[in-house]
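**Student:** Handing you a structure now.
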Amino acid sequence: MLAVLFFFPLFQGMSHPHHHRPHPAHAAEPSANPPQAGDDAAPQAEAAPQPPSPEIQELRAQVAALADQALRAQAEAQNARRRAEEEIAKGRKFAIEAFAESLLPVIDSLEAGLNTEHASAEQLREGTEATLRQLLAALERNKVVQVSPEPGAKFDPSVQQAISVVPSEQEAGTVAGVLQKGYTIAERVLRPALVTVAAAKA
């Protein structure tokens with residue numbers, strides 16, 4: 001009886017040769033996307049925006065004030081530039097008018113000389129010289145100055161142009177004679193004086 005009980009469990013194990021425990025690889029795999037806590041929960045409400053701090057408000061006010069000052073400065077600069085351009089244009093216009101006005105007496109003298117009948121050569125010469133003086137005075141009032149160096153004066157290439165070097169009693173390198181007078185306006189050369197320069201003595 002004991003022998004039968006001893007062999008019975010062994011017989012049960014041999015009676016099912018194909019029965020085996022499941023391989024670990026065949027075990028149930030966990031879900032790839034396990035449920036997360038809170039998936040079914042409602043989305044939380046967004047936080048209400050907070051008002052800017054006093055420091056930020058002050059900075060914004062300063063930026064606005066600086067922007068306003070910059071715009072005002074730009075407008076003032078544009079107005080100043082426009083006024084300067086207008087003044088320059090007016091100055092040029094008035095300068096031309098003043099120059100033209102100073103020439104009117106010269107025109108009057110020339111017309112008077114032409115209308116004079118039976119004038120002698122001496123009278124014509126005197127009238128021409130008077131008219132020339134009027135013209136030179138009008139030019140000087142408008143800062144036009146004549147350049148006419150005297151013989152023996154030092155040659156000045158800034159307002160004079162040497163045409164030739166000639167034998168002369170003057171010191172070498174000085175002006176020997178003037179062929180054509182020059183003119184300057186406001187210290188700028190309109191036309192250099194054409195001169196001859198004394199040559200070095202042999």
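Just so you know, all these numbers are worked out from the coordinates, no wet-lab data involved. This structure is a prediction, so every number in the text was calculated from the model and none was measured. Ideal geometry is used to build each Cβ from the backbone, glycine not excepted, and the neighbour counts take in all protein chains shown.
**Student:** Report the FRET efficiency, 1/(1 + (r/R0)^6), for residue 71 and residue 186, where r is their Cβ-Cβ distance and R0 is 30 Å, rounded to 0.05. Please report the intermediate quantities before stating the final value.
**Tutor:** On the way: r = 40 Å, r/R0 = 1.33.
E between residue 71 and residue 186, to the nearest 0.05, is 0.15.
**Student:** Would you please state which residues of the stretch 71-108 a label at residue 123 would reach in this model, taking the label point 7 Å out along Cα→Cβ and a backbone N cut-off of under 20 Å?
**Tutor:** 107-108
**Student:** Show which aspartates and glutamates lie in cross-link reach of residue 93 when reach means a straight Cα distance below 16 angstrom and same-chain residues fewer than eight apart are skipped.
**Tutor:** Cα-Cα hits under 16 Å: 85, 101.
**Student:** Using only Cα positions of the stretch 98-146, each an equal point scatterer, no hydration layer, compute I(q)/I(0) via Debye at q = 0.14, 0.16, 0.32 Å⁻¹ and quote the log10 values to two decimals.
**Tutor:** -0.37, -0.47, -1.15
**Student:** Pull up the cross-link candidates among the aspartates and glutamates for residue 154, meaning alpha carbon to alpha carbon under 15 Å and not fewer than 8 places away within one chain.
**Tutor:** Once the sequence-local aspartates and glutamates are set aside, what remains near residue 154 is 169, 171.
**Student:** Let me ask something else about it. Add +1 for every Lys or Arg and -1 for every Asp or Glu among the other residues with Cβ under 13 Å from the Cβ of residue 144, and state the total.
**Tutor:** Within the 13 Å Cβ shell, the charges total +3.
**Student:** For the stretch 144-202, take the convex hull of the Cα atoms, compute a quarter of its surface area, and give me that in nm², please.
**Tutor:** About 3.4 nm², averaged over all directions.
**Student:** Something else: Taking every pair of alpha-carbon atoms in the stretch 55-142, give the share separated by more than 16 Å as a whole percent.
**Tutor:** Of the Cα pairs, 72 percent sit more than 16 Å apart.
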